[in-house]
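The values are calculated or read from the model by the stated rules, or taken from the named source; none is laboratory data. Bear in mind the structure is a predicted one, so any value in this text is a computation, not a measurement. Note that each Cβ is placed from the backbone with ideal geometry, even for glycine, and that neighbours are counted across all protein chains shown.
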Amino acid sequence: MARVIAPYGSWPTPITSRLAVQAAVSLGEIAFDGDALWWAESRPDDGGRTVLVRDGVDVLPAPFNARTAVHEYGGGAWWVADGVCWFANWSDQRLYRLVPGEDPQPVTPEPASLRADRWADGVVHPDGRRMACIRERHCAGGGPGDVVNEIVVMGIGGSDLEVRVSGPDFVASPRWSLDGERLAWIEWDHPNMPWDDTRLLVDGVVIAGGTGESVTEPQWSDDGSLWFLSDRTDFWNLYRWSVTGGVEPIVVLDAEIGQPQWVFGRSRYALLDDGRVVLAYQRDGFDRLALWDGQLRDLDVPARVIPTLVGRGREVALVGASPTAEAQVYRLRLTGSARSQGSVVRPARDLGLEPAWFSVPESLSFPSGDRTSHALYYAPASPEVTGPPQALPPLLVYAHGGPTGAALPALSLSVQYWTSRGFAVVAVNYGGSTGYGRAYRKLLARQWGVVDVEDCVAAARYLVTAHRVDPDRLCIRGGSAGGFTTLAALAFEDTFAAGANHFGVSDLEALQLDTHKFESHYEHGLVGPYPAEREVYRARSPIHHLDGFDKPLITFQGLQDEVVPPSQSEMIVEALRAKGVPVAYVAFEGEQHGFRRAENIRTALDSELSFYGQVLGFALPAGEDIKPVAIENLRPA
């Protein structure tokens, strides 16, 4: 059947905002407990609640929500042993004990003020009587400098609490040796982030890490050695430490095994009981699962994004997604012949769509300044519609958050929402992104608002030169740090016709003075020490450079955001409104940093589409009942 011709941007598609959230889940950490497999699911249609699942059965009753606010980004909110689970509950941040089939019971006492004590990243001692975990303690009325992060040890019922590690600004990954005699952990201090300089300690003695090295993911093996990931040779690779042999490299690749530790509780390798290792590694933007037994061999698993995996005996479980399938849980058994046998135990939702609806990303490398930068390019895709002859599609440049993050090639309906309508999308892994080694990550040192903007502009121009996109309909969008890049690109460059800012930073100095502990010194590395480099902060801030900011902007903001406060969005919207620039503002009560509720995710997608339709001059597809977003100062075409 011949495809219908329709203007780019207005193609009819089954990938609606309703489909994007209907039965959608975000899969979190996974854990073996004996033969049982546990995992976490965040569900937009349940108010964004994180539910715990054991072997496919929900075990955490409503309204409990297994989510921690440690570091604000959380992760590692639960752990299991011998059929019992401990979890941090979102509403009060207390630690609870859960026996499936029973009501959760609080383990930690109520703090002096609500949510003052927060818990994460725990592990039960081999004797089954104690556990170690992270406690983040907040003082009523205090600021980021008053927050204390410690490793505490307590009885599994919450008794006999002992502060085991205190003093470093941050601690993570407390891990008992299998005989229970030693405790390993990671620590670091301001102004470093965990992907900068960290230290790995065993019983208080530093065994790896320090200046110029990020160490992460310690795991003990049954022979008493401690395995970990380090970027000492540029990429996060796998090493082993022993009392007699010191540190030795095990798997060294020009590829990234590790990932930035924005959240607790994730792992990229598993030690099998026969000495082999299963690991995920990233190269050219795509993950592979591999088995190491003296040499590295890829395993036949379709996942190309593997955020976490765990092992038990000769079994491995992982969360994995591909360009044509959303995240699902795999359970594999590794045979002696290096073959994997297993199944999907938590399948992705059935979208009811043929593969032709999905745009599969292409890995791009392109020139930008004096460097080569990287991106994932998604062409428009539809089995039913094509664009007019000689016409080119509009482009959405995605600037990812972090900025120490990465665009990943997992199927995302929030991307396919655009490509199935006739948009091209390029997700830019600008200098500073992870997945390309420490040196590439360090390109953003004191260059935030420069390198990231240059690379987003270069990606758009590269695609224009290749005659793949319409040079007059280039748009940029991003969330959080990507929102800052979006605003900076619109303020300092003349490449883009419009932009969408999702809870981004408009004033770097204001953020420096009003943020949480984890990121309170992050800008020192990205921009410069404050207040010594105050003028650089002002020079990079879009709010202070509105002369060239004359293109339409839509801004989305959660009103309970503790990472990027609502004032950051409100000030740029008000400034553009006063200047007469077309601007729209959509705020969500009850949302934090990123939107979790189904109705708000839908509103954000549809409002952004309405915005582009009005600004770029195309009609919205009929039948979707998309409410037009109000754009102030927009003159009729």
Looking only at segment 585-607, and only at residues there that are touching a His at 6+ places or on another chain (Cβ under 9 Å) and not in a loop (DSSP other than H, G, I, E, B), the one that is surrounded by the fewest Cβ atoms within 10 Å (Cβ to Cβ): GLY594
Test: residue in segment 361-372 that is in contact with a strand residue (DSSP E or B) (Cβ under 9 Å, 6 or more places away or on another chain), in a loop (DSSP other than H, G, I, E, B) and crowded, with 17+ Cβ neighbours inside 10 Å: yes
Options ASP452, ASP507; residue that is surrounded by fewer than 24 Cβ atoms within 10 Å (Cβ to Cβ), charged (D, E, K, R) and either closer than 30 Å to THR233 by Cα or at pLDDT 95 or above (or both): ASP507
Residues of segment 4-49 classified as in a loop (DSSP other than H, G, I, E, B), of a type in the set (Val, Ile, Thr) and over 20 Å from the mean Cα position of the chain (by Cα), total: 3
Selection count where residues are surrounded by fewer than 19 Cβ atoms within 10 Å (Cβ to Cβ), within 20 Å of VAL453 (Cα to Cα) and either free of Cβ contacts under 8 Å to residues at least 12 places away in the same chain or in contact with an Asp or Glu (Cβ under 7 Å, 6 or more places away or on another chain) (or both), scope segment 549-565: 0
Residues within segment 608-637 that are closer than 17 Å to PRO552 by Cβ and part of a loop (DSSP other than H, G, I, E, B), tallied: 12
Among (1) assigned to a loop (DSSP other than H, G, I, E, B); (2) touching a Gly at 6+ places or on another chain (Cβ under 9 Å) - the single one GLY528 does not satisfy: (2)
Candidate set from segment 460-488 (those that are in contact with a helix residue (DSSP H, G or I) (Cβ under 9 Å, 6 or more places away or on another chain) and hydroxyl-bearing (Ser, Thr, Tyr)); member that is surrounded by the fewest Cβ atoms within 10 Å (Cβ to Cβ): THR486
Meets criteria (aromatic (Phe, Trp, Tyr), in contact (Cβ under 8 Å) with a residue 60 or more places away in the chain and in the same structural domain as TYR398 (by TED's automatic domain parsing)) for PHE492: no
Filtered residue count, segment 447-485, keeping only those that are touching a strand residue (DSSP E or B) at 6+ places or on another chain (Cβ under 6 Å) and either more than 15 Å from TYR378 (Cβ to Cβ) or assigned to a strand (DSSP E or B) (or both): 13
Filtered residue count, segment 116-145, keeping only those that are out of contact with any Gly (no Cβ under 7 Å at 6 or more places or on another chain) and modelled with pLDDT of 95 or more: 13
